[in-house]
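Enquirer: The following block contains the structure, expressed as structure tokens.
The values are calculated or read from the model by the stated rules, or taken from the named source; none is laboratory data. None of these values were measured; they are calculated from a predicted model. Please note: Cβ atoms are built from the backbone with ideal geometry, for glycine as well, and neighbour counts cover all protein chains shown.
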Amino acid sequence: MVSKSSLSAIAVAVIATISQSATAQTAAPGAAPGAAPETAPPVTREQRKADTAAANKAGKLTPAGQGGPGMATPSGSSMTRDERKAQTQADAKAGKLAGAGDTGTRKKSPPPPKSNMTKAERKEQAKADQAAGKMKSGEASFK
């Protein structure tokens, strides 16, 4: 328990040292150590409204709901709906279409072999295996 506490204290000391050195590197060269780096003063509401009005008059604002320049243009198909429909019908006639939901990449495994024993025979076999110690306890319980 003591070792966990001492390791925690060492970790806190290392983090504090790193954060102080990072603050000192970002501060201006003539600024006092520990002082916050210089940033632009906050913009007042009136200044923001004036900037928005000027951008609106210049036509630089995006209309509401139109998205910004970061929106990607949809890359649609080069074929029309009728062309796709005709192509699909031609593929269906040629037998090139896969079944619904079938990707065709997975091979179907053969079904497991069917048992030729009756339920009573399987039950007797399980009892014999359990008595002989071939079956773990709880694997098959018969009452």
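Enquirer: Under 9 Å between Cβ atoms, at least 6 apart or on separate chains: pull out the pairs that start in the range 28-51 with a residue that is in a loop (DSSP other than H, G, I, E, B) and end on any residue that is modelled with pLDDT of 80 or more and not aromatic (Phe, Trp, Tyr).
Expert: From the range 28-51, the pairs are 43/51.
Enquirer: Can you tell which of 135, 117 is part of a loop (DSSP other than H, G, I, E, B), at pLDDT 80 or above and of a type in the set (A, V, I, L, M)?
Expert: Values: 135 fails: at pLDDT 80 or above.
When all the criteria are applied, what remains is 117.
Enquirer: Which of the residues belonging to the range 92-102 are over 35 Å from the mean Cα position of the chain (by Cα) and either among the acidic types (Asp, Glu) or on the phi > 0 side of the Ramachandran plot (or both)? Spell out how you get there, then give the answer.
Expert: The first filter runs over the range 92-102 and keeps only residues over 35 Å from the mean Cα position of the chain (by Cα), leaving 92-95.
Hit for the range 92-102 is 95, nothing else.
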